[in-house]
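Q: Input: one structure, supplied below.
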Amino acid sequence: MTVTTALERDTLATAAARIRSHVVDMCAGPEGGHLGGAFSCADVLAALYFSVLNVDPQRPDDPDRDRFLLSKGHAAVGLYATLAERGFFPVEELAGYGRPGSRLMGHPVRAVPGVELPTGSLGHGLALGCGFALAARYAGSAARSFVLLGDGELQEGSVWEAAIAAASLRLDRLVAVVDRNGLQLTGATDGIAPMEPLADRWRSFGWAVRDVDGHDPNQLAEHLNAAPWEPGKPSVLIARTVKGQGLPFLAGRSASHYVTLSARNHARAVRALRTTEVAG
């Protein structure tokens, strides 16, 4: 299996735009979806799946593959859009999201090709990533394990227990990404449980830390491809993002957390994304 080091069809920014477009369409369905958090991490997902991860859509269970865990499992619509664009299953299947009989549920499950484990009970993903990284070490594999966390999720004590374990075990093939969009369902994360200086907190737990613009997929890919950044230390990339990025009527608002787009707002969202893509 070969590592995908660059997009074959077009740029990472265009891949992220397609991901957001699919998310908008899914959130216009009868079930709606977690649009805001899926939009904030779309550039991270594009960088991972189109530049960083050693995965093969034709062999999703290849034992030498890199592992990815969407710890913030409520952003499943973003992961589904990414997996479909990457070729794990037909893009047309996205139209059935949330419908009776669909394997595309509100949180990711193993029935979906490319999904490693069910996630979404917040605070569990990093511990699972530790398990994958430790198993790879025992198997003598060079595979890396990546975990995408929400910043509100960092209020869970199990995250920091896993962070301690990862550093203690020197799991330098483990990479965490924090989607630092500053918002959770009930408001601003720092208004609920202040967490800055976040980079210093992770460093105090023994991690190598980088803090970047979470909406620059090329910069994200550069940093993630370079991990591990320090021998013997797990790596965490703090991605500064905006919830609902790309939709002016929802960006930066807690109201974007979960939405069921009306026909009118669906059309508004499609127009906004087209305008952004043209401007970009």
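Q: Among the residues of the stretch 225-254 satisfying the criterion of being assigned to a helix (DSSP H, G or I) and either acidic (Asp, Glu) or in contact (Cβ under 8 Å) with a residue 24 or more places away in the chain (or both), which is surrounded by the fewest Cβ atoms within 10 Å (Cβ to Cβ)? Quick ask: steps written out before the conclusion?
A: Step one: of the stretch 225-254, the residues assigned to a helix (DSSP H, G or I) are 225-226, 254.
After this cut, where a residue has to be either acidic (Asp, Glu) or in contact (Cβ under 8 Å) with a residue 24 or more places away in the chain (or both) as well, the list is 225, 254.
Values: Asn225: 14, Ser254: 17.
Per the stated criteria, the residue is Asn225.
Q: So which residues in the stretch 18-54 are surrounded by fewer than 24 Cβ atoms within 10 Å (Cβ to Cβ) and closer than 11 Å to Ala81 by Cβ, if there are any at all?
A: The answer is Arg18, Ser21, His22, Asp25.
Q: Something else: May I ask you to say which residue of Leu169, Leu185 is open to solvent by 40 Å² or more (accessible area, probe 1.4 Å) and more than 27 Å from His107 (Cβ to Cβ)?
A: Values: Leu185 fails: more than 27 Å from His107 (Cβ to Cβ).
None of the other options fit; the residue is Leu169.
Q: While we're here: Return yes when Arg67 is at pLDDT 95 or above, surrounded by fewer than 22 Cβ atoms within 10 Å (Cβ to Cβ) and among the basic types (Lys, Arg) and no when it is not. Spell out how you get there, then give the answer.
A: On the way: at pLDDT 95 or above: yes; surrounded by fewer than 22 Cβ atoms within 10 Å (Cβ to Cβ): no; among the basic types (Lys, Arg): yes.
No, not satisfied.
Q: Continuing with this model, one more query. Answer yes if at least one residue in the stretch 107-116 is open to solvent by 10 Å² or more (accessible area, probe 1.4 Å), touching a His at 6+ places or on another chain (Cβ under 7 Å) and not acidic (Asp, Glu), and no otherwise.
A: First, the residues of the stretch 107-116 that are open to solvent by 10 Å² or more (accessible area, probe 1.4 Å): 107, 109-111, 113-114, 116.
So of that shortlist, the ones also touching a His at 6+ places or on another chain (Cβ under 7 Å) come out as 107.
From what's left, not acidic (Asp, Glu): 107.
The answer is yes; a qualifying residue exists.
Q: Of the residues Gly114, Gly120, Gly140, which is modelled with pLDDT under 95, on the phi > 0 side of the Ramachandran plot and not acidic (Asp, Glu)? I'd like the intermediate steps shown before the answer.
A: Numbers: Gly114 fails: modelled with pLDDT under 95; Gly140 fails: modelled with pLDDT under 95.
So the residue among Gly114, Gly120, Gly140 that is modelled with pLDDT under 95, on the phi > 0 side of the Ramachandran plot and not acidic (Asp, Glu) is Gly120.
Q: Report yes if Pro57 is in contact with a helix residue (DSSP H, G or I) (Cβ under 9 Å, 6 or more places away or on another chain) and either open to solvent by 10 Å² or more (accessible area, probe 1.4 Å) or without any contact (Cβ under 8 Å) to a residue 12 or more places away in the chain (or both), otherwise no.
A: Numbers: in contact with a helix residue (DSSP H, G or I) (Cβ under 9 Å, 6 or more places away or on another chain): yes; either open to solvent by 10 Å² or more (accessible area, probe 1.4 Å) or without any contact (Cβ under 8 Å) to a residue 12 or more places away in the chain (or both): yes.
Yes: the conditions hold for Pro57.
Q: Condition first: β-branched (Val, Ile, Thr) and open to solvent by 20 Å² or more (accessible area, probe 1.4 Å). Can you find one or more residues in the stretch 90-103 that meet it? Don't jump to the end; show me each part of the working.
A: Within the stretch 90-103, the subset β-branched (Val, Ile, Thr) is 91.
Of the ones still in play, those that are also open to solvent by 20 Å² or more (accessible area, probe 1.4 Å) are 91.
Yes; the residues of the stretch 90-103 include at least one that is β-branched (Val, Ile, Thr) and open to solvent by 20 Å² or more (accessible area, probe 1.4 Å).
Q: If a residue has to be in contact with a Pro (Cβ under 9 Å, 6 or more places away or on another chain), open to solvent by 10 Å² or more (accessible area, probe 1.4 Å) and closer than 18 Å to Ala166 by Cα to count, how many in the stretch 117-136 make the cut?
A: 1
Q: Does any residue in the stretch 191-205 that is over 12 Å from Asp151 (Cα atoms) come within less than 9 Å, Cβ to Cβ, of a residue that is of a type in the set (Phe, Trp, Tyr) six or more places away or on a different chain, and which pairs are these?
A: Arg201/Trp160; Phe205/Trp160
The values are calculated or read from the model by the stated rules, or taken from the named source; none is laboratory data. Just so it is clear, the structure is predicted and the values come from calculations on it, not from any experiment. Reconstructed Cβ throughout: ideal geometry from the backbone, glycine too, with neighbour counts over all protein chains shown. SASA here: full protein model, heavy atoms, side chains in, ligands and nucleic acids out. Shrake-Rupley method; radii C 1.70, N 1.55, O 1.52, S 1.80 Å.
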